[in-house]
Structure formats: structure tokens, C-alpha cells
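K.L.:
My structure is below; once you've seen it, I'll send some questions.
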Amino acid sequence: MAAVMPAPAESRLLMSGNDAVSRAVWEAGVRVAAAYPGTPATEMLEVISTYPDIYAEWSVNEKVSLEVAFGAAMAGSRAFCAMKHVGMNVASDALMTMTLTGVSGGLVIAIADDVGLSSSQNEQDSRYWGRFAHVPVLEPADSQEAHDFTLAAFDLSERFQVPVIVRMTTRICHVKGLVVVGERHEKPVAGFVKDVGRWVMVPGAAGRRLPLMFERENRLRAEAEVSALNVVENGSDRRVGFVTSGPAYMHVRESFPDAPVLKLGFSCPVPFELVRKFAAQCDRLVVVEEVEPLIETELKAQGISVSGKDILPRSGELSPNVLKPAVAGLLGEVLPEVAKVKPMQVFPRPPTMCVACPHLGVYYTLAQMRNVTISGDIGCYTLGFGQPWNALDACISMGASMGMALGLDKGRADSEKDKKVVAVIGDSTFLHMGMQGLLDIVYNRGNVTVLLLDNRAVGMTGGQSNPGTGRGIHGEEAPRVDFASLVKALGVREERVHVVDPYELPTLFKTLRQETKIAEPSVIITNQPCVLVEHYHARKPFKVIDDKCTGCGNCVDVGCPAIHVTRRDKVIKPSGKEVERSFVRIESPACTGCGLCLQPCAPDAIVPVEVLAMPIHVVKKG
């Protein structure tokens, strides 16, 4: 991305929450920022990479990104790290110790939770990490607060020498609002100060720092009690008061404009005395939080009477249509009947891969195989579970395809001894967390065939770079991993490593069938780029010759969304006989000429667009 010049001080800009955090990172004088792509957090580092004065990198995984940011903070620089909620699971090993060491320069970690499961395999609540790691958590409710709270987080981090979590959600990350922004303020860098007792966390040193961590937490709780980020909004209708945080505050305010609200922007540690004082103003207290009952549980443990998940769901967003009936039920009220609008019926649109995606041929081939269990991973290729392929049997987390495949091999029933086990993983996912799994397969002599789909991009999150693309974050040339050499270095025998073109179906099928018959680890690497990156070069599109097409549907089974059945009509054959058959059409403007559909087409009815088909006589129904 090209660098952009920041807007002048005190400008008002329309920004998403991700944009606003990125702007605040620049304004805060951050020198180092690192992340691994993951929706809904991806855009933070993408935007940061366009600002001058900041070193930004796509790291190979979230743990490494946090360690890079922590290293910069040890050196006295302000540093930033971003990830989606499941990314902190990967990074938590580092987090749980750096909370003992603390930091020198400010370190802010933005974690984006996917409340509502828009693009994630679970809906975990990242506020737990504040409690688990004894670090403060700030929760903005809109884009302006995302900007302001990020700046406040850096100040808090340096005052208390602690990493600070800014907890975002999809609702904040991707919704835009007007944001007042400022100028960058450069911060002096103190440099790394050697202190073995602080930075080398052997058991003895860690034990000495535990009391310091707990003492710091007490000071943070006192800070939360007086923090301007925690706001009491008085209301005239005191039958129910609300304790809330993040975007749930917006839903509360929309649903109950006259109710008292305690908005916790600094939500961990919870300011218990502030809550007690607020509770005295209300007949009842309801905690509205997405998604787990963290604050509710902590308040109950303090003897404060509250309602929460006893009336509210533990999953999804707490929008007004959820809040209003729940609170009405608590008060014994009956809401007026609202006329229900019947939702408009729309044609179903199942998730699918892109036109000419290099993964299409892989799953078409896997779908032809019998007696095989397919262990999948996180990426575009996860869509192989769906129609028309039905060629993926398991998927839980990044890199898990390797370990699951080995377990499927070692744990198979006696009746399944002849069943083949295939693991499917993408290039970025393999580098993120798959290498260790393959090493484990080799070390433990697993009978697993690995399909390593190298499309030279982090495809699912928008085509970001990784060490396998040969490009850095700004598009500059960078060292590129040789996957064939890498898997050989991990112990896969040279004869069992194959690089194939996924558009050449006969070669792909032959190689896959051959390798699944051999009882040792093997790796098949595909070598065509994602169709949405600049390195993909489209070829001449194709069309279907109607009078040659038999309507067999083999081309449809490839799964390319440019191919579809348009209608069923009666046609008159050259013999004069009238028959009914399906018509298949290729949307030529969408077709990139990959040629996948040609190979299973028995009647050779698919040709380049410049080859004109002979006309046929069609009798329209009705």
C-alpha cells in the first residue's frame, strides 16, 4: 500500500472502528506494529501500514506478532498488536508471562471479538484475558471511542507499565462514524535497560514478580473507580438501571432512553464501589454484556444484586429486539403487539469459492475419491465441506488439520484400516501453525497425505502477504519460502513430495491416488495463485455450445460459480425428435479461462468465446 498523509489536526473524518484505532496508533507515537490477518481485525494493520513513521509487519502468527510488539516495548518504544479473538488463544503463552514482566514503552493489544459469529468458528469473549492475565481492558462503544480509548490505553500502559487490551467487536470494527482526530506526538525512546530479574522469567524471578502484579492490579482497580472512561448517565425512569460496556451500551441507550446507565469503558478491573453507588439509585440492576456473564458474576460475588443472563441470551448481539422483551418480562409488563413483517423470500446463496479458484480442482478431485477421510483447516478451502463437493470432514482451528489427521490415522477402527487420511491446509495456515503438525506426522510415522494449497496469499482475509508470497507488507520484494524444500527439511522423503498444477485434473487425481496408497507421510503442493491477487493472469473465457451440450452436469460438479444450469427446455435434435434437456451456461464475463470445466466435459461442448456455436431450434415451454 502507498503511504498516505494523515489529515490535519482536529479534523473530523468518517472512520470505521478499525480505521479509528489505526489513526490513534499513529497519533500515539507508536514505532512498531505487528499482526496476523483475521476478520474483523484485519484492517487495523492494513491502515497502519499506510501511515509514515511506523514499522508494520504481517507476522507468521499472532504469538509472534505479540512477541515482536513486546520486544519493541521492552526497548522503550510504544508498540501495538492486533488480532481477532481466536488469535489471542495462539498468543496467550506470551501474554501470560509478559503480564509479570510488565512493559517499558506502552503496549496496546487490540482484540476483535466476533459477536454473532459473522466469520469465526466460535464466539469467545476476550474480556476473560483481562481477568486471567491481570491486565486492564478498555471497551469502546463506537468509532470515536475506539480512537480515544486507544490513546488512553497507551497512557495507561506506560503509567502502570502493563500491557492494555482494547476489546473491539465486529459491530465497532466495521461500522463507520465521524471521528475527531489529532496530530502525531513523538515519544522519546528510553532504550532497553538490562534487568535479568525482570526480563528473564525463570521460576525464581517470576515468583518475585507475582506480588508486584497483584499490587499493580489493586492500583488499577483504584484507577478504574475514578476513570473518566466510566460514565454514569442519570435517567428519570429508575425502575431499572443498566450496567453495560462496549456496543451493548448503544443497544441499551436506544432501547431505554430514560433509564440510568453506568457505562464501563474501563471494564477490567470492575469498579465495584462505583457500581454500588450507582445501584443505590435504581430499583433493579441489569447487566447487559456481550457475550459471557463476566461482570454479572463478579458483581454477584461482591453481594450486589443484579440480573443478567437469567433474562438475556449468552450468545449473539443484545439488540433492542432482544433487550426490550427481556426487561419487560422482568418488570411483569406486556409489550404492545408489533406487526410482524414476513421476511422476503430470497434465493438461497450458499457460500462458495471464487470463479477459477485453484482450490476448485482440488475439491473436485477429492469428491471423486472413495474411502477417504479429509481433515480440513481454516481458510477459503474450508468451503470444500459444501456443495457440490462435500469433500471435507472436520475443521476446528488454524493448523489443526495436521494433528487431527494424525489422530484419525492412529485412532482408526480395525474396520477402517484401508481408509485413506488426507489433510488439507493452505500456505499461510501452514506457516502459521501447520509446520509443527507435519513434523509430528513425520516423527510419529503417520500414514497421512497432506494437500498443501499454495495460492500465494492469505486469501480469506483479503490477499495479504505472508512468507510464502515473496512480498512484504508494502508489496516490496521479500524472501519467499520454498515449500517443497521446507517439507523435505521437516522429514518428508523427497519421493513423497510433489508439486502439481491444480488446474491439471488428471495429474492431480493420479498423484493423489498414488500417494494415498503409500503408507507414509506425503505432501502434494499446488502451485497456482489466488485469482484475486495481481499475480493471477486470466486467460480467454469459455462458453458452452448448446447443441453439443448433453446436460450431464460434469462441469457443474467442478463448483465454479460462473457455471450454472439456466433452464430446462424442449429441443429438436437434427433427427427431428423433440427431447427435454438441461441447458448449462458459462457467464463468460466472469470466466477467467482456467480450463477446469473443459476436462470433465465428455462431449467437448465448452470452447473459447471466439468460436461460434451452430444455432439450434429451441421450443420454449408455455
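Since every read-out is calculated from the coordinates, none of them should be taken as a lab result. Keep in mind that this is a model prediction, so the values were computed, not measured. Here the Cβ positions follow ideal geometry from the backbone for every residue, glycine too, while neighbour counts run over all protein chains shown.
K.L.:
Please work out the C-alpha center-to-center distance from the stretch 199-226 to the stretch 388-447 and express it in whole Å.
P.N.:
41 Å
K.L.:
With n ≥ 4 as the cut-off for DSSP H runs, can you work out [θ] at 222 nm for the chain, using -39500 (n - 2.57) per run divided by the number of residues, rounded to the nearest 500?
P.N.:
Details: 18 runs with 190 residues, N = 622.
About -9000 deg cm²/dmol.
K.L.:
Could you tell me the center-to-center distance, by alpha carbons, between the stretch 69-126 and the stretch 472-492 in angstrom?
P.N.:
Here the answer is 26 Å between Cα centres.
K.L.:
Let me ask something else about it. Given the stretch 231-330, what percent of its DSSP beta bridges are antiparallel, to the nearest 5?
P.N.:
Values: 3 of 12 bridges.
In the stretch 231-330, approximately 25 percent of DSSP beta bridges are antiparallel ones.
K.L.:
I need R167, R284, R276 ordered by Cβ neighbour count within 10 Å, fewest first. Intermediate values should be presented prior to the final figure.
P.N.:
Numbers: R167 25, R284 16, R276 13.
Ascending number of Cβ neighbours within 10 Å: R276, R284, R167.
K.L.:
Still on this structure: Ranked by Cβ crowding within 10 angstrom, fewest neighbours first, how are D393, D237, D258 ordered? All intermediate terms of the calculation are to be shown ahead of the outcome.
P.N.:
Values: D393 16, D237 13, D258 9.
Listing D393, D237, D258 from fewest to most nearby Cβ atoms yields D258, D237, D393.
K.L.:
For V232 and H535, what does the FRET efficiency come to when R0 = 60 Å and r is the distance between their Cβ atoms, rounded to the nearest 0.05?
P.N.:
0.60
K.L.:
Hey, with R₀ at 25 Å, roughly what FRET efficiency would V180 and E254 work out to, going by the Cβ-Cβ distance, to 0.05? The partial results should precede the final answer.
P.N.:
Working: r = 23 Å, r/R0 = 0.91.
Computed FRET efficiency for V180 and E254 comes out at 0.65.
K.L.:
To continue, here is another question. Sort out for me the Cα centre separation of the stretch 280-342 from the stretch 149-198, rounded to whole Å.
P.N.:
Centre-to-centre (Cα) distance: 32 Å.
K.L.:
Quick one: compute the contact order of the stretch 12-226, relative version, from alpha carbon pairs under 8 angstrom and 6+ residues apart, as a percent. Display every interim value, and only then the final one.
P.N.:
Values: 468 pairs, mean separation 58.8, N = 215.
Relative contact order comes out at 27 percent.
K.L.:
Starting from the Cα-Cα distance between F132 and D393, subtract it from 0.36 nm times their residue separation and give me the gain in nm to one decimal.
P.N.:
Working: separation 261, 0.36 × 261 = 93.96 nm, distance 3.39 nm.
Full extension of this stretch gives 90.6 nm more.
K.L.:
Which value, in debye to the nearest 20, describes the size of the charge dipole of the chain about its Cα centre when Lys and Arg Cβ atoms bear +1, Asp and Glu Cβ atoms bear -1, and nothing else is charged?
P.N.:
On the way: 64 positive and 70 negative charges, 272 e Å.
It works out to roughly 1300 debye.
K.L.:
Continuing with the same structure: So how do I378, I172, I545 line up by other beta-carbon neighbours within 10 Å, fewest first? Display every interim value, and only then the final one.
P.N.:
Details: I378 24, I172 29, I545 16.
Least to most surrounded, the residues fall as I545, I378, I172.
K.L.:
Would the stretch 164-270 count as rounded, prolate or oblate if I go by the C-alpha gyration tensor, calling it rounded below 1.5 in a/c and otherwise prolate when a/b exceeds b/c, oblate otherwise? Mind dumping the intermediate values first?
P.N.:
Working: a/c = 2.88, a/b = 1.78, b/c = 1.62.
Since a/c reaches 1.5 and a/b is larger than b/c, the shape of the stretch 164-270 is classed as prolate.
K.L.:
Under 5 Å between amide H atoms, partner at least 5 residues away or on a different chain: which partners does A394 have, H built in plane at 1.01 Å?
P.N.:
Amide H neighbours of A394, under 5 Å, 5+ apart: G376.
K.L.:
Based on the Cβ-Cβ distance of K300 and D155, what FRET efficiency does E = 1/(1 + (r/R0)^6) give at R0 = 30 Å, to the nearest 0.05?
P.N.:
Working: r = 32 Å, r/R0 = 1.07.
So, using R0 = 30 Å, E works out to roughly 0.40.
K.L.:
At 7 Å along the Cα-to-beta-carbon direction for both K577 and A519, put a label point, then send me their distance in nm to one decimal.
P.N.:
Each label point is offset 7 Å from its Cα along the Cβ direction, giving 5.2 nm.
K.L.:
Something else: For V287, which sequence-distant residues (separation of 5 or more, or a different chain) have an amide H within less than 5 Å of its own amide H, given hydrogens modelled in the peptide plane?
P.N.:
For V287, the qualifying residues are V243, S307, G308.
K.L.:
Return the percentage of antiparallel bridges among DSSP beta bridges fully within the chain, rounded to the nearest 5 %.
P.N.:
Working: 27 of 77 bridges.
Around 35 percent antiparallel, to the nearest 5.
K.L.:
Counting only DSSP beta bridges with both residues in the stretch 359-526, tell me the antiparallel percent, nearest 5. Mind dumping the intermediate values first?
P.N.:
On the way: 2 of 21 bridges.
In the stretch 359-526, approximately 10 percent of DSSP beta bridges are antiparallel ones.
K.L.:
A further question follows. Roughly how many nanometres apart are two label points built 7 Å out from the Cα toward the Cβ at M96 and Y55?
P.N.:
Calculated label separation equals 2.9 nm.
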